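Participant: For reference, the structure I am asking about is given below.
Coordinate-derived values only; no laboratory data. All values reported here derive from a predicted model rather than from experimental measurement. In this analysis, Cβ positions are derived from the backbone assuming ideal geometry, glycine residues included, and neighbour counts consider all displayed protein chains.
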Amino acid sequence: MKKQKDDLATHRHVFYLNKKDHDYLMNLFSRSGKKSESKFIASVITGKPVKIIKIDKAAVDYYMRLTHFYNQYQAIGTNYNQLVKALKTNFSEKRAVALLFQLEKNTRELSAIFQEIIELTEEFEQKWLQK
């Protein structure tokens, strides 16, 4: 036997909206993530909290690229350590110092690029996360 609900919805209301208000309501409904229009409208009318989900595609894309970039940075660090170890064991001291000097120069350039990334990320967070 099916259990009866205690507070069965039995009252029906009909109202009309102009095109602008209807489009606004449907936009809110689509952003809310609710599956039922009637439950969404009832929540709005009765003052129950309605969550509106706004996904910023640019922010998601930026975050994904930044994560991928960070993974590459970690891989560079691993390769860097392996390279220094290989230089130490496979080359004479004079040749290893020359190669390490080149490596140090490239590392400085890489560090400058990462500093720019940090600044861009901070600017992005100030602009988008305060909304």
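Participant: Nearest 20 debye, what's the magnitude of the dipole of the chain about its Cα centre given +1 on Lys and Arg Cβ and -1 on Asp and Glu Cβ?
Facilitator: Here the size comes out at about 760 debye.
Participant: Using Cα pairs closer than 8 Å and at least 6 residues apart in sequence, work out the relative contact order for the chain, in percent.
Facilitator: 13
Participant: For the stretch 6-49 and the stretch 78-130, what is the centre-to-centre distance using only Cα atoms, to the nearest Å?
Facilitator: 55
Participant: For the chain, what does the equivalent ellipsoid look like in terms of its semi-axes, each the square root of 5 times an eigenvalue of the Cα gyration tensor, given largest first in whole Å?
Facilitator: Calculated on Cα positions only, the semi-axes equal 62, 19, 10 Å.
Participant: Under the classification rounded if a/c is under 1.5, otherwise prolate if a/b is larger than b/c and oblate if not, where does the stretch 51-95 fall, given a ≥ b ≥ c as square roots of the Cα gyration tensor eigenvalues?
Facilitator: Judged from the Cα gyration tensor, the stretch 51-95 comes out prolate (a/c at least 1.5, a/b above b/c).
Participant: Here's a follow-up. Please express the Cα-Cα pair-distance distribution P(r) of the stretch 72-131 as a list of whole percents, one per 10 Å bin, running from 0 to the bin with the greatest distance.
Facilitator: Using 10 Å bins, I get a P(r) of 19, 35, 24, 13, 7, 2 for the stretch 72-131.
Participant: Taking 30 Å as the cut-off for C-alpha to C-alpha distance, list the pairs among K5/K51; K2/K51; K19/K39; K35/K127 that go past it.
Facilitator: Violating the 30 Å limit, Cα to Cα: K2/K51; K35/K127.
Participant: With a ≥ b ≥ c the root eigenvalues of the C-alpha gyration tensor of the stretch 1-75, is it rounded (a/c under 1.5), prolate (a/b larger than b/c) or oblate?
Facilitator: oblate
Participant: Farthest toward the dipole's positive end in the chain, which of G47, Q4, L87, given Cβ charges of +1 (Lys, Arg) and -1 (Asp, Glu) about the Cα centre?
Facilitator: Towards the positive end, the residue furthest out is Q4.
Participant: Calculate, for E119 and A98, the FRET efficiency according to 1/(1 + (r/R0)^6) with r their C-beta to C-beta distance and R0 35 Å; round to the nearest 0.05.
Facilitator: Calculated value: 0.60.
Participant: Using 0.36 nm per residue, how much length does the chain from Y63 to N79 gain when fully extended, once their Cα-Cα distance is taken away?
Facilitator: Gain on stretching Y63 to N79: 3.3 nm.
Participant: Separate question: Say a paramagnetic label sat at a point 7 Å from the Cα of K5, along Cα to Cβ; which residues of the stretch 18-43 have their backbone N under 20 Å from it?
Facilitator: Label zone hits: 33-43.
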